[in-house]
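Report on the following structure.
The values are calculated or read from the model by the stated rules, or taken from the named source; none is laboratory data. In this text the structure is predicted, and so the values were computed from the model without any measurement.
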Amino acid sequence: MDTLQQLGELLLTSIPTVVCLLIVWVAYRQTVHKKLEQVLSERHARTEGAIQKAHSEIARAEARTAEYERRLEEARSQVYRTQEARRRYIMEQRSVALTAARRHADAMVKHSRKELEREVKEARTVLERQADALAARIIDSILRPVAATGSR
């Protein structure tokens, strides 16, 4: 029984300690714990808000990048279309110029051929006249000495 009595005394002497501990625990909950929970919840809200804001900023930046890339691709394709149109225009102008040059060259060749044919005809005519005159001279020079010797 002696043990029970010691145990009873121990419990009885520990009551003020338990009460003090309860008071300290209640005071802690009222003064420190509530404020600490409030600060932690505010901190968590801020970090979550910052994370959400960062995610939204990243999404917005990705959208801007996609829009930029789309516009860049449109600009490139517009440049390619412009270059292709310019190239086609130049090729058409070249084709027109080549056709005109061929026509001009053909006309010059035809004109030159006609001129050459005319000159050939003139040369033949002149040569024929000269040949006739030369033939007459040769005949005259051959026949004159024969006629002069035959009349003697």
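Of note:
- Comparison of Ser77, Ser14, Ser41, Ser56 shows that the only residue that is hydroxyl-bearing (Ser, Thr, Tyr), at pLDDT 95 or above and assigned to a helix (DSSP H, G or I) is Ser77.
- Single residue of Glu128, Glu122, Glu92 found to be at pLDDT 95 or above and acidic (Asp, Glu): Glu92
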